[in-house]
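Q: Following this message is one structure expressed as structure tokens.
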Protein chains: 2
Amino acid sequence: MSGDASARPGQQMKAVLRLRELLLSGEVGPGERVAEIPLAARLGVSRTPLRLALSTLAHEGLLEMLPGGGFVVRDFDPADIADAIELRGVLEGTAARLAAERLGDPADLAPLRAAVAAMEPLVRTATPGLADFERYVVANEIFHARLLDLADSPMLRRAMAQAMALPFASPSSFVLAQADLPESREILVLAQAQHRAILEAIEAREGTRAEALAREHARLAKQNLKLALGDAALLATVPGNALIRRGQSQGARKIAS
Amino acid sequence: MSGDASARPGQQMKAVLRLRELLLSGEVGPGERVAEIPLAARLGVSRTPLRLALSTLAHEGLLEMLPGGGFVVRDFDPADIADAIELRGVLEGTAARLAAERLGDPADLAPLRAAVAAMEPLVRTATPGLADFERYVVANEIFHARLLDLADSPMLRRAMAQAMALPFASPSSFVLAQADLPESREILVLAQAQHRAILEAIEAREGTRAEALAREHARLAKQNLKLALGDAALLATVPGNALIRRGQSQGARKIAS
DNA sequence: CAGACTCTCATTGCATGCAATTTCGAAATG
DNA sequence: CATTTCGAAATTGCATGCAATGAGAGTCTG
């Protein structure tokens with residue numbers, strides 16, 4: 001996460017990081033209008049850098065500018081989240097395809113291969129512990145990062161960073177949620193099989209197949225989302241869960257601004 | 001263009017608009033480090049709103065933050081532009097697919113149909129004038145906007161806006177460039193055929209076909225790019241041409257940050 | 001003569017004060 | 001009783017002043 005280019009330890013960065021925490025944890029609720037002065041006091045920064053931070057988070061999509069000035073915390077309905085995941089799938093599919101099309105030396109696949117290897121233990125363990133899951137998450141994120149590297153496209157990298165600014169669109173947002181799920185092992189086996197298949201497709205320079213696989217891989221997250229939406233306890237483990245609009249008509253698809 | 005949410009006529013908006021002009025016109029050249037104080041004087045705004053504007057344009061991708069502070073004008077090599085167009089194709093493909101999958105009442109296609117109809121005259125005219133081209137460009141942009149509407153996905157809309165912040169990734173960046181080209185008519189006929197086909201595919205709810213068509217449609221722009229890169233006079237008519245790095249190894253593909 | 005150190009200047013980043021706009025509340029009128 | 005209009009307070013947006021960090025040039029030493 002934190003797609004910010006450079007992390008200089010200024011007041012502005014401090015404000016961005018701290019405010020993002022507040023938003024994701026729900027301490028500043030969705031739909032709520034954020035007031036600058038109390039927030040500045042709360043974050044321990046002045047209004048000037050806070051304002052920059054607000055602008056940044058608005059560009060990331062967590063805040064929304066009001067026409068009259070000021071910002072509100074954006075909220076997301078299930079359809080938004082599903083679309084965000086779908087979008088990530090599309091972008092990762094493109095990354096996989098480009099990786100396949102542009103692969104030079106097959107040795108360049110080593111980092112990807114290493115990430116896949118690092119995830120094997122969890123899948124092969126009969127009764128994985130929480131530590132196993134966390135190691136899996138790390139390796140999973142490395143896998144996705146290396147895949148993006150292989151695509152070798154700054155433009156795609158930008159788009160991806162933008163899409164993953166929404167926390168629940170991140171590759172492993174729902175991995176920890178499924179830790180408690182009975183069908184967890186099945187899902188992980190499936191996911192890992194897809195990891196291997198993507199790697200294989202890239203190595204064989206099968207761009208279309210790699211793309212389709214990466215998309216399907218993201219659909220797994222969408223499936224987990226559906227499961228989590230039914231169980232409040234499960235949903236609470238998802239990173240940005242506080243931003244999800246609750247108790248709303250789930251089928252509502254008419255918010256297109 | 002100008003994907004900014006609300007256009008309040010403040011100093012900040014003024015700075016963004018004016019500075020964007022300066023960047024696209026090349027009056028502030030690529031690679032150049034922008035100094036706040038003289039720029040503020042030049043734009044007629046204070047440093048505070050200018051700073052917000054700089055942040056905005058950095059998020060749009062036209063500027064780049066330096067680790068030591070400050071900003072430089074970003075430049076784009078041919079590979080970057082090609083990737084930007086490819087990316088737009090991917091996103092528009094997704095829009096077309098979602099439009100097909102989510103289409104409710106076929107009557108919702110009326111706006112899209114109207115845009116296609118508005119483009120017909122130019123294609124059917126044997127010797128189109130500049131005015132014809134401009135009307136085509138308008139209708140073309142309406143077509144792409146309506147397509148995005150049909151996808152009915154705020155997330156996709158965001159991603160699209162981000163991708164099209166780069167001026168040469170816009171749907172009709174290269175249309176005016178090809179006005180002088182001899183093969184112009186051929187290309188337009190092809191493009192219009194694709195418009196019709198996309199519409200047809202959506203109506204028939206053929207999502208995959210709609211996606212493939214939209215991607216191929218974007219590839220037309222990529223082809224025009226290649227043509228324009230050879231001819232300096234042609235390139236000069238492209239919107240953000242000042243940002244393109246010239247006299248560089250065109251095959252260089254190793255700038256992945 | 002080359003390299004490194006220091007001093008100085010410019011530029012960015014931050015804080016505070018002020019003005020303008022908006023919003024909320026209350027009162028008055030239809 | 002609802003609605004509209006006017007007013008006051010709060011909040012955003014903007015400008016300026018100051019401090020801190022980084023760059024560059026000049027000089028001194030090895």
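The values are calculated or read from the model by the stated rules, or taken from the named source; none is laboratory data. Only a predicted model underlies this, so the values are computations on that prediction, with no experimental measurement involved. Cβ: placed from backbone, ideal geometry, glycine included. Neighbour counts: every protein chain shown.
Q: Are any residues in the stretch B:172-203 under 25 Å from residue B:94 (Cβ atoms), touching a residue at least 24 places away in the same chain (Cβ under 8 Å) and small (Gly, Ala, Ser), and if so, which ones?
A: Passing the criteria: B:172, B:173, B:191, B:201.
Q: Take residue A:57 and decide whether it is within 25 Å of residue B:162 (Cα to Cα), within 11 Å of DNA strand D (Cβ to nearest atom), within 13 Å of chain B (Cβ to nearest Cβ) and assigned to a helix (DSSP H, G or I).
A: no
Q: Okay, next question. Criterion first (more than 16 Å from DNA strand C (Cβ to nearest atom), within 14 Å of the chain's Cα centre (by Cα), within 21 Å of residue B:154 (Cα to Cα) and at pLDDT 95 or above) does residue B:101 satisfy it?
A: Judged against the criteria, residue B:101 is not a match.
Q: List the helices (runs of 4 or more DSSP H) that sit entirely inside the stretch A:183-257 and contain at least 1 residues that are within 14 Å of chain B (Cβ to nearest Cβ) and either under 18 Å from residue A:77 (Cβ atoms) or modelled with pLDDT under 85 (or both).
A: It comes to A:207-230.
Q: Would you please name the residue that is nearest to the chain's Cα centre (by Cα), looking only at residues in the stretch A:60-97 that are at the interface with another protein chain (Cβ under 7 Å from one of its Cβ atoms) and either part of a helix (DSSP H, G or I) or surrounded by 24 or more Cβ atoms within 10 Å (Cβ to Cβ) (or both)?
A: That would be A:84.
Q: Name, by its number, the condition in (1) aliphatic (A, V, I, L, M); (2) in contact with a Lys or Arg (Cβ under 9 Å, 6 or more places away or on another chain); (3) within 10 Å of chain B (Cβ to nearest Cβ) that does not hold for residue A:159.
A: Every condition holds for residue A:159 apart from (2).
Q: Hey, does the stretch B:98-109 have a residue that's away from every other protein chain (no Cβ under 11 Å), closer than 30 Å to residue A:51 by Cα and assigned to a loop (DSSP other than H, G, I, E, B)?
A: no
Q: Can you tell me which residue in the stretch A:29-54 is surrounded by the most Cβ atoms within 10 Å (Cβ to Cβ), limited to those that are part of a loop (DSSP other than H, G, I, E, B), more than 8 Å from DNA strand C (Cβ to nearest atom) and at negative phi?
A: A:30
Q: Take the residues in the stretch A:162-180 that are assigned to a loop (DSSP other than H, G, I, E, B) and within 24 Å of residue A:117 (Cα to Cα), then tell me which one is farthest from the other protein chains (Cβ to nearest Cβ).
A: Step by step, filter the stretch A:162-180, then rank; the result is A:176.
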